[in-house]
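Read the structure below first, then the notes.
The values are calculated or read from the model by the stated rules, or taken from the named source; none is laboratory data. Owing to the predicted nature of the structure, the values given are computational and were not obtained by experimental measurement. Cβ placement follows ideal geometry from the backbone for every residue including glycine, while neighbour counts extend to all protein chains displayed. These area figures cover heavy atoms from the full protein model, side chains too; ligands, DNA and RNA do not enter into them. Shrake-Rupley method; radii C 1.70, N 1.55, O 1.52, S 1.80 Å.
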Amino acid sequence: MDKMITITSQLARISQPAVRGLAGHAHWQNIAKTKGANDAKKSKLLTAWIPKIRTESRNESDLGKNPALRKLVQDATAAGVPKNNITQAVNAWKDKDFTEVQYGVQGGEFVALIDCATYSVGKMKNDIQTLLRRANFQYSTVSFQFDHFKCVSCNLPLNMSDDDLLELALLCGTEEYTIDREDETIVFNVHSDDQKDFFEQAKQQDLNIKSVSSLYVPKNMIQVTEKSHQDRILKFMNALDAHPEVEDIHHNIENFEMFVS
């Protein structure tokens, strides 16, 4: 799964994959030396593939039992990601020191939650602090400004019409879901307050849950119009996106796409 940047106020549009170009060519275009260019290429490869592999391996790290993980590993290898980095990502959750951590940050009305998966919480916090200092932002308790949802991915039940699937979702206590018939998957978006009831109903309906992830939707969105503030935020996001242990980014900027392009 790509790093996610939440940029909207409506649940129907709550998650859009972060574009890899966000931390791409412009960031590295002035690096002229061969070593610098090689380092840039490796960094972009790692941030493009490692979080995806790490996320998928959390459910099942055995390539023989997890076709999706096996496909990711094959594609990452073909793209040139070093084998040792792939192996480390596949086995990350077996390491007792590997953990998830979330940081809240703020810069004026701009707020964000940064989801990380790391071997060293202390180093991760220092890394984020360095980026905050450069942007003149700060750590802050901002989670109360977001609604927390669980994205529950299940195998798509066989021989069900769209009306049947809507009825199934309603039985499970949610009207928010997406269907991928090609991947034979249905993903339910469930508010964290309702997750206990959802999982009980899902069990009664014999749903086969493949994975569960978190999503944070801002309660209030803002427009950032000042060019200098846009540039600071974009530079900060670029740096986060380039960090291999940053998994997801959730923020409250409604017009973020406009000043990215």
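Among the residues of the stretch 172-193, which ones are of a type in the set (Ser, Thr, Tyr), open to solvent by 50 Å² or more (accessible area, probe 1.4 Å) and farther than 21 Å from ASP147 by Cβ?
Correct list: empty.
Step by step: first the residues of the stretch 70-119, then only those that are open to solvent by 40 Å² or more (accessible area, probe 1.4 Å) and part of a strand (DSSP E or B), then the one that is nearest to ARG232 (Cα to Cα). Which residue is that?
Of everything passing the filter in the stretch 70-119, GLN106 is nearest to ARG232 (Cα to Cα).
Would you tally the residues in the stretch 129-166 being closer than 15 Å to LEU113 by Cα and in a helix (DSSP H, G or I)?
Number of matching residues: 6.
Considering only residues that are polar (S, T, N, Q) and touching a residue at least 24 places away in the same chain (Cβ under 8 Å), which ones fall in the stretch 165-203?
THR174, THR185, ASN189, SER192, GLN195, GLN201 - these are the residues of the stretch 165-203 that are polar (S, T, N, Q) and touching a residue at least 24 places away in the same chain (Cβ under 8 Å).
Let's see how each residue does on (1) farther than 30 Å from GLU226 by Cα; (2) at pLDDT below 80; (3) charged (D, E, K, R):
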position: LYS44; (1), (2), (3): no, yes, yes
position: ASN59; (1), (2), (3): yes, yes, no
position: GLY64; (1), (2), (3): yes, no, no
position: ALA68; (1), (2), (3): yes, no, no
position: ASP75; (1), (2), (3): yes, no, yes
position: GLY107; (1), (2), (3): no, no, no
position: CYS116; (1), (2), (3): no, no, no
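Confirm whether ALA169 is assigned to a strand (DSSP E or B) and open to solvent by less than 60 Å² (accessible area, probe 1.4 Å).
It is false that ALA169 is assigned to a strand (DSSP E or B) and open to solvent by less than 60 Å² (accessible area, probe 1.4 Å).
Among LYS219, LYS196, LYS227, LYS235, which is closer than 26 Å to ALA117 by Cβ, open to solvent by 70 Å² or more (accessible area, probe 1.4 Å) and over 22 Å from the mean Cα position of the chain (by Cα)?
Criteria check complete, one pass: LYS196.
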